[in-house]
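The structure appears right after this line, and notes come after that.
Derivation of every value follows stated rules applied to the coordinates shown; laboratory data play no part. The structure presented is a predicted model; accordingly, all values stated were derived computationally and were not measured. With ideal geometry, Cβ positions are generated from the backbone for all residues, glycine too; neighbour counts draw on all protein chains shown.
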Amino acid sequence: MTYAVSVDTRIAGGTSEMDELQRIGAGALLEGGFEAVEEVQGPDGVEVKLLDTFVGVYPGGALLKVFVDAPALEFAEEAVRELVEELLERTELLSDWTVERCQVELHPDLAKESLDAADGPDAPPDDVESRRARLMGLAGGTASTDAETGTTAETGTTAETEAIRSKIRTLAPRLAAVDAVMFGVPEEAKGTDKAKGTEEHGSGISVEDAELAAGALIWGTDVLLDELFQDAHTLDREGSNATECDRPMWLLDELPPRYALQYDARFARRFLVTAIALTTRLTEGSFQQLSCVAEELALRLLLREAEVTLDTFGLLDDGVSSALECFATLVYADMDHEWLYDDSLDGIDESEVGEALGVAPMGISSWFTPFNRGRYVHPYAADEPDPEPPEPPERP
């Protein structure tokens, strides 16, 4: 079975971030190391075949996507972790780097295949989260199983929740293009002592609410890009589209269903690059406004990932929900893209009603077309230029 293993590697603590030339060099070293490997030994000598790799280097390290053929999830994760750690150790210029995260994001519909693949007396538990807990360990708390119901309960939940809350809040500054005001915190409250964090102001949204919302968007960015990578890889291997593919999709089937037959590998790569361009502008500080319909849809998915993350850890209260809603309201110029999910409104952008309402083109053929000449769409995702391109319709 094919698994996509995400590996987050970091430069040594206290080391200056890499400049552009250093990033290029690090990427070349990592790619060269992977090219020299075809198979790796997993636990108990199980052979794990290396199928494909992606290396994305950023100033503080590199995000690796390693596709392997392995008999079960645990074998894939352990084999890839050992491979990357050995690769770093043997590469002198990268020997002080560390592996911060190494895990498979397994789609629920594929979980049973992974569970069925591992059997015998040492087989992992039948619950995916228990399997991951056994392999990777959970931060804080321990797990116990009810003998009668077979359910797993975790102790130390409060401590774990607070640890996650703190972790997510520390991610907030990485959303460099957005400040607390965008999440509904009044301008005069931005300087509030963040150690207190829970003091509410006139808006009812606290500094902590804003930090949790911003941090969840950063956390959700990792998940969003991981899942889009996997969808693109799946469609490329299957040579199919989101409707006809035998393998389940992570995110592409959450785009407007009416165009699902057109969500093929090429589309998936364009949408992935669009999501990368959007999240890059949000995190490096240059974001000003959404550029095209594809970005509007990518942000919709990112907001969902943030909400799911917060809800999973019991952190999605009214204040944080309001902060995310405020952010969405300020970032979106309008919510016309939501009409793409309502089949009764199909074609409204081409109707007299749509023209009267000022609805911009929303068909899939225009998703990667910038709203106006001042908007940025990545060249890889952008439409093929016409010899004499018409002036695109203006978007506020």
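Annotation for the stretch 212-251: GluC sites (Glu not before Pro) lying in DSSP loop with at most 13 further Cβ atoms inside 10 Å of their Cβ are 244. 3J(HN,Hα) couplings calculated from phi for the stretch 170-176 with the Karplus curve 6.51 cos²θ - 1.76 cosθ + 1.60 (θ = phi - 60°) are, in sequence order, 5, 7, 3, x, 6, 7, 5 Hz; Gly and Pro show x. Each of residue 162 and residue 308 was given a label point 7 Å from its Cα along the Cα-to-Cβ line. The distance between the two points is 3.0 nm. Summary of packing: across the peptides 75-82, 301-308, 328-335, the per-residue average of other C-beta atoms within 10 Å ranks them, highest first, as 75-82, 301-308, 328-335. Between residue 289 and residue 12, the FRET efficiency estimated from the beta carbon spacing at R0 = 35 angstrom works out to 0.40.
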